[in-house]
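Presented below is the structure to which this report refers.
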Amino acid sequence: MSFLKDDPEMLAWHLESRGYQPGTYQQNLRRLYVLLRLDTHELNFISHAQGLLTDDVWTGWWNVLKADFTDAEFYEAWAAAKHFYAPSFVTFVDELIADGRPDELQQVF
């Protein structure tokens, strides 16, 4: 995806094709970062579920995932992006955020 960061028009098209409103170049880069981070979280979640990621490593990523969802941009991006992810990961994240807005999640966990 590095080619997207160097091409503002392609980046805007990519995000629009995934249901996001176009923004400034900086906003689009930030959205791309959020989406790539969600991809990483999904990969780690599935890897852990399949026994390919140890509990110790998963605990660290679980904390990162919770911290990421305290950022409103992750919360907002999730609504448009979740249909691109594995159903088990969607359920997991939906349960994570079900109890409150991002700024309240730190208090929940």
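Each reported figure results from applying straightforward, stated rules to the coordinates on display, with no laboratory input. What you see is a predicted model, and the numbers here were worked out from it, not measured in a lab. For neighbour counting, all protein chains shown are included, and Cβ atoms are generated from backbone atoms with ideal geometry for every residue, glycine included.
Results, tabulated for the structure shown:
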{"read-out": "Residue in segment 42-51 that is nearest to L96 (Cα to Cα), counting only those that are of a type outside the set (D, E, K, R) and in a helix (DSSP H, G or I)", "value": "F45"}
{"read-out": "Top-ranked residue in segment 1-41 [being assigned to a helix (DSSP H, G or I) and of a type in the set (D, E); ranked as nearest to the chain's Cα centre (by Cα)]", "value": "D39"}
{"read-out": "Hits in segment 34-51 - residues which are buried (at least 16 other Cβ atoms within 10 Å of the Cβ) and of a type in the set (D, E)", "value": "E42"}
{"read-out": "Members of segment 24-39 found to be in contact (Cβ under 8 Å) with a residue 12 or more places away in the chain and over 15 Å from H14 (Cβ atoms), listed by number", "value": "R37"}
